[in-house]
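Only the coordinates and a few stated rules stand behind these numbers; no lab work does. Please read these numbers as outputs of a predicted model, since none were measured by experiment.
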Amino acid sequence: MDLAYANGLVGADFNGAIVLAGIANGWVTVTVQLLDAAPDSAELDGWDDVAEVSIESEDGELIFHDLGDDPPPEFLELAHVGPGTYRLYRAQR
C-alpha cells in the first residue's frame with residue numbers, strides 16, 4: 001500500500017482512505033456511523049483493533065465504495081457537514 005499513512009487496518013492520503021478487511025476474497029459486514037464528535041472511549045471498548053486517520057474533503061464530498069463496484073446508495077455522501085477534515089475510526093472484532 002503506497003499511502004501517506006497506513007497501519008494495516010486503514011490507510012489515508014490526499015485521495016481519501018482505504019479500509020482493509022483482512023481477507024482477499026469474500027464478504028465483510030461494514031457499518032457506517034456519521035458522528036459530530038469523536039466517539040467516547042467507552043464506545044471503542046470491546047473491539048480487538050481500532051485505528052483512526054484524518055481525511056480532508058476540499059469539495060465536501062466523501063463517498064464510500066469497494067474497489068470493484070459502485071457505491072451502495074445508502075452510503076453515497078459521508079461528508080455530512082461539507083468541506084473540511086474528517087476522522088475515520090476503523091474497528092474490528
Original post:
Considering amide H positions built from the backbone, and no H for Pro or chain starts, which residues 5 or more places from VAL10, or on another chain, come under 5 Å of its amide H?
Top reply: LEU20
Original post:
In terms of modelled amide H atoms, which long-range or inter-chain residues lie less than 5 Å from the amide H of LEU62?
Top reply: LEU78, ALA79
